[in-house]
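Visitor: I have a structure here, written as structure tokens, and I will follow up with some questions on it.
The values are calculated or read from the model by the stated rules, or taken from the named source; none is laboratory data. Note that the coordinates shown come from a computational prediction; the quantities given were computed from them, not determined experimentally. No Cβ is skipped: glycine too gets one built from the backbone with ideal geometry, and neighbour counts run over all protein chains shown.
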Amino acid sequence: MSEVESNSLVKAVKEKGKSLEAEMSFFDHLDVLRKHLIRASLVIIVFMGVAFTFYDFIFDKIIMGPKSTDFWTYRMMCALSERFDLGPDFCITKIPFNIINTEMAGQFTLQLNSSLMIGIVLGFPYLLFEIWLFVKPALHDKERKSASGFTFYATLLFLIGILFGYYVIAPLSISFLAGYNVSDVIQNQITIDSYFSTVATLTIGSGLIFELPIVIFILSKLGIMTPKFMRSSRRYATVIILVIAAIVTPTPDILTMLTVSFPLFLLYELSIGISARVERNKKKAELEFEKSI
């Protein structure tokens, strides 16, 4: 074997070794991620079991809460209507529809699905914590310090979004859709699956929408999002937010739409501030690096 062939063989072996090492590293990371996800799944299953055990309270007080005129939101609306003379339409005194079940295993499926949803909501903070534990070793000290509050702030925003969706968006949407009448001939007989999916989608969807500042923070760190772009897109964001508010709460009055859209405007402005702070920190780090050269 010639020297050239020998060197080529050695080089090929080295490249193959690097490739195998990279593959092993990739699969090692997958294995670590799998362990984090398994632990998070176990926590969600535990919460699901607790919800399944105490389902009578959960169904009567939580799931069916927006169906009752004694719900906190409706009571506050009536109190505001009386205090500020907002008119009789603002005070909701009846929600005209009946809940029915049309499938043999419908109620059992409802209990399983709703218990799973509650388990996911309650276990979401721990899922974020496990994601943080997985990402943390790959970060530098400064990155760890700047992202140290990830779990806390992401959880806080998610819970605020859940409460906003459950106490504002869901009851307003349900009361409007229940009272919407095309003809007196039609009676609203709503299946339990339709009712639950509406409450769950609006509530959990609101929780995820409130994660916007966290998403913007990550995108800004990656250099994908900038405050300049967000400021220049503010008019488009305003239209999109108003459209979302109109879809989520298809009520005819402007007050309800503004009630839903106002927190979204705040989230967008907060996201701009977060993106601007990330950009300032990047420029500061670049200046310090240039001075150190």
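Visitor: Give the residues of segment 104-128 that are aliphatic (A, V, I, L, M) and either touching a residue at least 12 places away in the same chain (Cβ under 8 Å) or part of a helix (DSSP H, G or I) (or both), sorted by residue number.
Guide: Answer for segment 104-128, where residues must be aliphatic (A, V, I, L, M) and either touching a residue at least 12 places away in the same chain (Cβ under 8 Å) or part of a helix (DSSP H, G or I) (or both): Leu110, Leu112, Leu116, Met117, Ile118, Ile120, Val121, Leu122, Leu127, Leu128.
Visitor: All but one of (1) at pLDDT 90 or above; (2) within 25 Å of the chain's Cα centre (by Cα) hold for His36; state the number of the condition that does not hold.
Guide: Against the list (1) at pLDDT 90 or above; (2) within 25 Å of the chain's Cα centre (by Cα), His36 comes up short only on (1).
Visitor: Separate question: Could you say which residue among Ile240, Ile247 is in a helix (DSSP H, G or I), surrounded by fewer than 19 Cβ atoms within 10 Å (Cβ to Cβ) and at pLDDT 80 or above?
Guide: Answer to the selection: Ile240.
Visitor: Considering only segment 59-113, how many residues are closer than 16 Å to Asp193 by Cβ and of a type in the set (S, T, N, Q)?
Guide: 7
Visitor: Something else about it: For segment 129-148, which residues satisfy the criterion of being loosely packed, with under 15 Cβ neighbours inside 10 Å and outside any helix (DSSP H, G or I)?
Guide: Selection gives Leu139, His140, Ser148.
Visitor: From the set of residues in segment 51-94 that are small (Gly, Ala, Ser) and not in a loop (DSSP other than H, G, I, E, B), which is farthest from Met117 (Cα to Cα)?
Guide: Ser81
Visitor: Also: Return only the number of the condition from (1) under 24 Å from Ile254 (Cα atoms); (2) surrounded by fewer than 14 Cβ atoms within 10 Å (Cβ to Cβ); (3) aliphatic (A, V, I, L, M) that Ile174 does not satisfy.
Guide: (2)
Visitor: Only one of these is surrounded by 15 or more Cβ atoms within 10 Å (Cβ to Cβ), over 21 Å from the mean Cα position of the chain (by Cα) and under 30 Å from Pro213 (Cα atoms): Thr151, Thr73. Name it.
Guide: Thr73
Visitor: Looking at segment 254-272, is at least one residue farther than 28 Å from Ala154 by Cβ and loosely packed, with under 14 Cβ neighbours inside 10 Å?
Guide: Within segment 254-272, one or more residues are farther than 28 Å from Ala154 by Cβ and loosely packed, with under 14 Cβ neighbours inside 10 Å.
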